[in-house]
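The values are calculated or read from the model by the stated rules, or taken from the named source; none is laboratory data. Predicted model only: the values in this text are computed from it and were never measured. Note that we place each Cβ from the backbone using ideal geometry, even for glycine, and neighbour counts take in every protein chain shown. The accessibility values were calculated without ligands, DNA or RNA, using every heavy atom of the protein model including side chains. Shrake-Rupley method; radii C 1.70, N 1.55, O 1.52, S 1.80 Å.
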Amino acid sequence: MRTLLDTEAGAPDIRRQQYATVVLLTVSAATGLGWAFDLAAPALLAGLTAVFTLVGAGGQSLRADLRRLRWFAPALVLVMAGGPLPASLPWVAGLLVAAVVFGAGMLPALGQHYRVLGQTFAAATITSITTGLGANQPTHTLLGAAVLGSLFAVCLRITTGRSDPTRTTRAAVARTLTEWGPGIVEQAATAWRGGNSAVWLGRVLAGAARYRAAREILLAQARRDRTEAELLHRIVDEADTVAAELARAVRASACTGLPPLARLDPLRSVLGENSRQAVPAAARGIDEGLERIRAAVIERDGTTVPAVRDDHRQGWHVAVRAHLSPRSSLFRHALRCTLAVGAGMAIALAMDDPSVSTLLLSLYVVLQPAARDSMTGALERTGGVVLGVAALAVLVALLPGAFLLVPLAVTVMLLRVDWLRADYRTLLGALITVTVADQTLMLQRSPADVAIGFAANTAIGAAIALVVGYLGYLVLPGSLVPDVRGTLRATVRAVAWLLRSVRTTEHGSGAGLVSQSASIPALRRTQDLLGMPALLDGTGADSEDEHSTRLAAVALDSLRQDVATLALRPETERATAVPALHAASDVLAGHTVPEIPGMRGDSSPETESLASALLENALHARTAIDAIFGPDEPWKSYTLSLVRTQHLRIR
């Protein structure tokens, strides 16, 4: 427990300690008041509302989190307070759950934070309606409890972020200097654009993106040229050591100077004083990126930039056109989840048994809604959830003092919100634990009856998920056998078309309409490829193939995001990124390793980071593609379509 309350350097973190103290005191007080005044159900409702609020609207800067809380918290309060709804309006409750589940299944098309918001709201809706939490309480009591839980979560977020509101943003930007792989720069850019962050962080991000692009070019050159591989790897290793020191300076709330290791010149330490003339251009790009980071960290320009709000209407329009079709794997899996939840909801409403509360939660676990178009591992999840629920029910029925299990579980959920946000299965498992413990204490039955009841209803939910999930493959145009190569080829074509459409800005007007039409197949294909690792999991595929597929999916999706964001920049800014667009197209086409493109001195840090990031993601994608197809397999059969637009129709 102590390690959870410490900083990265091992020193006690006052903010985390204060957070843990407030959570422990509040949960203890709520538990005592609930048992003293027969308000145990409203107290649990308030605790779960606080958990859902922190999970759904957290993870970014304080300003960005509060902006999401303005609309997410009221909607969550209404859903959590509507637990007794099925008793009076069962059809309305069924339609509400189905609509929420379908919407949550489609939101991943808009990005990571929308996925978390949708899945958290779906879990809250299922928990509230199926458990009927507080059904014997008046409506105003439940509404008050939900409001108090939401306000408690908001106060916790403000308290922990008020003293250092940009801490999360600095940590996200610092990750670009310590974690390697596709998508890291995009996550940091989202955090930086979403909050009212300082200008110096934007400059750090631009320098880090250039450093990462140059680093990947050097690694690609090392893979091609075995004679220079050792030297290039030594340069990269030395530069990574310097970048790690700079990352610590970026994470710090103030900087009085850089340590000697952060000021080290990696090229000079590897090659010596007189060898810089033989350095590859990409190595000089590493030096340039590190120097820009040093200057930004030392100057720390405190000027803030206004929060950039993306064009949500265009994003929603593209997402709807791309995924509201049976050809979309995201749509197919969202429809399977909706049909299964609808069938489970009908059975749950027809059964007058409190132990039916785990039916929909277990159904949702088996369906694995976070995985697109996947039912892989469903049988294993079915057995695990049924046995787990039965064992937990027996344990609660036999264990003395089991009434403390519910507040203890809520306390752990509040203390480890980041775990719940990162893994949806952990959130569902925690909700099943709380639900089973609470309902078992209310039933007052023998352990055998309790275990049989919960196990039977959980098995019913799992069976519904299996039947609807597998039958969906017979009706919808999906396949149980993953076609990684075919999906990858289609994704590369679609992303290459998007690259070419944005590049046409240098040839005249009308590029906006072309890029928007190209975004639709690119978004659909990248989402299809992102679902491939879930299909490969448990099929006996080699773990290295699964890793390469995941790497290619994330890299191509990040590349799509960069190009789509670049398309919204002013025309002059897009023109400065044209060399990077050409270089990324050449990399996808399998041409020689590119040189790191230059940027004009008057270009904005955001455009610089986008240009460097799209080149880095193209290199990551190329590496994964070579691992899947093999470096010796010719690409001519479909690289020709990168320049012949008539071959780029995506069906």
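When each pair of different Cα atoms in the stretch 68-158 is counted once in the 1/r mean, what is the Kirkwood radius in angstroms, to one decimal?
Roughly 13.7 Å, rounded to one decimal.
Going from most exposed to least, what order do Phe102, Phe403 have by accessible area with a 1.4 Å probe?
Numbers: Phe102 55, Phe403 95 Å².
My answer, sorted largest first, is Phe403, Phe102.
Let me spell out the model: positive unit charges on the Cβ of Lys and Arg, negative unit charges on the Cβ of Asp and Glu, origin at the Cα centre of the stretch 156-253. What dipole size does that give, in debye rounded to 20?
480 debye
Rounded to the nearest 10 Å², what accessible area does Asp586 show when all protein chains are kept and the probe is 1.4 Å?
70 Å²
Which value in nm describes the separation of the simple spin-label points at Leu568 and Thr426, placed 7 Å from the Cα toward the beta carbon?
About 3.0 nm, to one decimal.
For Leu324 paired with Met442, estimate the spin-label separation in nm (one decimal), with each label point 7 Å from Cα along the Cα-to-Cβ line.
Label-label distance for Leu324 and Met442, simple model: 3.8 nm.
Could you rank Phe52, Phe331 by how accessible they are, 1.4 Å probe, largest area first? Can you show the working numbers first?
Values: Phe52 0, Phe331 30 Å².
Largest accessible area first, the list is Phe331, Phe52.
Does the stretch 119-213 classify as rounded, prolate or oblate by the C-alpha gyration tensor (a ≥ b ≥ c root eigenvalues; a/c under 1.5 gives rounded; else a/b over b/c gives prolate, otherwise oblate)? Working shown, then result.
Working: a/c = 4.79, a/b = 2.36, b/c = 2.03.
Judged from the Cα gyration tensor, the stretch 119-213 comes out prolate (a/c at least 1.5, a/b above b/c).
With every protein chain left in place, what is the accessible area of His582 in Å² (1.4 Å probe, nearest 10)?
Roll a 1.4 Å probe over it and His582 shows about 70 Å².
Which value, in Å² and to the nearest 10, is the accessible area of Trp316 when all protein chains are kept and the probe is 1.4 Å?
Only protein atoms counted, so the area is about 120 Å².
Taking all protein chains together and a probe of 1.4 Å, list Thr21, Thr549, Thr141 from the most accessible to the least accessible.
Order by accessible area, largest first: Thr21, Thr141, Thr549.
Dividing the convex hull volume of the alpha carbon atoms of the stretch 158-219 by its residue count, what do you get in Å³ per residue?
77 Å³
Report, by chain and number, residues whose modeled amide H sits under 5 Å from the one on Ile596, excluding near sequence neighbours (fewer than 5 apart, same chain).
Here Ala282 satisfy the definition.
Pull out the extension gain between Ser28 and Asp237, defined as 0.36 nm times the separation in residues minus the alpha carbon to alpha carbon distance; nm, one decimal.
Stretched fully, the Ser28-Asp237 segment lengthens by 70.2 nm.
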